[in-house]
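The values are calculated or read from the model by the stated rules, or taken from the named source; none is laboratory data. Being a predicted model, the structure only gives us computed values, none of them experimental. For neighbour counting, all protein chains shown are included, and Cβ atoms are generated from backbone atoms with ideal geometry for every residue, glycine included.
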Amino acid sequence: MARPRTYKTEALVLKGSPFGEADRLLTLYTLDRGKLRAVAKGVRRATSKLAGHLEPLTCSLLLLAEGRNLDVVAQAETKESFKALRDSLEALARAMYMAELVDAFAPEEVPNPGLYRLLLANLRWLSARAIALDESLEAALLRRFELRLLDLLGYRPELHRCVECSGPVTSAASFFNPRAGGVICVACRSRWSAGLLTVSPNALRLLRSLQSAEPRASPLITSASLREEVEGLLRHYIRYLLERDVHSIDFMDLLKREASPVEA
Ligand SMILES: [Zn+2]
């Protein structure tokens, strides 16, 4: 029998689930091949040398052998383990959310190096600040991640011109239409009876600056009500695009509720 063809790639492990007796089915996001599913054989045995290099949210250098249906991990070596993420449930929850979004949106085997770098940079950032996550900084990070991801996958929301009439949206009140992927001006609003979200002037300004900001120049979101509004709007848009809920949101919300002081 001919030897299977092999290839090397750098990958972020998005998730893993038990497969067969001792194997694990991995979802990988690779630098040069996009999203892939591969089998890691025997990694659920205590003696496995591969297991430690294939944990979810690890960046590893892999050697894969092409299989008939699924490729098989032949060798793995950790490049970055983001160890600090495992020490903070909050940071871990955010990282899992980012990985889930990439998994949910990315088509299989379509390379998107920009998306790979976006996830890698954000895992590094979260890992470096895992212990001290400031709410306003963290909200900016997550919203910017969502906007960049949408951008890289062709779902960039239009935030400047009305998606109905192409007129500039400058008024104090505007609306967001998930179906049309952008803002709607007051004049066009009457044509839509349902499915529109109101966007406050501050939220629109913030979304625009997050959409255009350099990573290091992202504005902080210090107002709790503004954080909630922008988060709600992007969640709504993402849920509309995916046609399903993002499961890791529940875990993030649970931790947030537990961390907030009990109201008297
Ligand atoms: Zn309009």
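I'd like to know if the stretch 187-202 contains one or more residues that are aromatic (Phe, Trp, Tyr), surrounded by 13 or more Cβ atoms within 10 Å (Cβ to Cβ) and more than 22 Å from the chain's Cα centre (by Cα).
yes
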Open item on the list: Just checking, does the stretch 243-255 include any residue being within 16 Å of the ligand (Cβ to nearest atom) and surrounded by 14 or more Cβ atoms within 10 Å (Cβ to Cβ)?
Closed with: no
Task: Only one of VAL72, VAL13, VAL39, VAL110 that is surrounded by fewer than 17 Cβ atoms within 10 Å (Cβ to Cβ) and part of a strand (DSSP E or B) - done: VAL72
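Could you go through the stretch 155-174 and let me know if any residue there is more than 16 Å from the ligand (Cβ to nearest atom), in the same structural domain as LEU242 (by TED's automatic domain parsing), touching a Phe, Trp or Tyr at 6+ places or on another chain (Cβ under 9 Å) and not aromatic (Phe, Trp, Tyr).
no
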- [ ] Might you check whether a residue that is under 20 Å from TYR237 (Cβ atoms), touching a helix residue (DSSP H, G or I) at 6+ places or on another chain (Cβ under 7 Å) and outside the structural domain of SER60 (by TED's automatic domain parsing) occurs anywhere in the stretch 122-132?
- [x] yes
Task: Failed item in (1) closer than 20 Å to SER136 by Cα; (2) charged (D, E, K, R); (3) surrounded by 14 or more Cβ atoms within 10 Å (Cβ to Cβ), with ARG239 passing the rest - done: (1)
Open item on the list: Considering only residues that are within 10 Å of the ligand (Cβ to nearest atom), in contact with a strand residue (DSSP E or B) (Cβ under 6 Å, 6 or more places away or on another chain) and without any contact (Cβ under 8 Å) to a residue 24 or more places away in the chain, which ones fall in the stretch 175-186?
Closed with: ILE184
Task: Pairs where the first residue, in the stretch 6-29, is basic (Lys, Arg) and the second is part of a strand (DSSP E or B), C-beta under 6 Å, 6+ apart - done: LYS8/LEU63; LYS15/THR27; ARG24/GLY16; ARG24/ALA40
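Here is a yes/no grid of residues against (1) of a type outside the set (Lys, Arg); (2) at pLDDT below 90; (3) assigned to a loop (DSSP other than H, G, I, E, B):
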| residue | (1), (2), (3) |
| --- | --- |
| LEU142 | yes, no, no |
| GLU146 | yes, no, no |
| TYR155 | yes, no, yes |
| GLU164 | yes, no, yes |
| ARG179 | no, no, yes |
| VAL183 | yes, no, no |
| GLY195 | yes, yes, yes |
| THR222 | yes, yes, yes |
| VAL230 | yes, no, no |
Task: Number of the condition not met by LEU210 [criteria: (1) closer than 20 Å to TYR240 by Cα; (2) in contact (Cβ under 8 Å) with a residue 40 or more places away in the chain; (3) hydrophobic (A, V, I, L, M, F, W, C)] - done: (1)
Open item on the list: Condition first: closer than 30 Å to ARG257 by Cβ, within 16 Å of the ligand (Cβ to nearest atom) and not basic (Lys, Arg). Can you find one or more residues in the stretch 187-195 that meet it?
Closed with: yes
TODO: May I ask you to say which residue of LEU159, LEU152, LEU147, LEU142 is touching a residue at least 60 places away in the same chain (Cβ under 8 Å) and in contact with a Leu (Cβ under 6 Å, 6 or more places away or on another chain)?
DONE: LEU147
Task: Checklist (1) closer than 30 Å to ARG33 by Cβ; (2) surrounded by fewer than 16 Cβ atoms within 10 Å (Cβ to Cβ) applied to GLU146, failing item - done: (2)
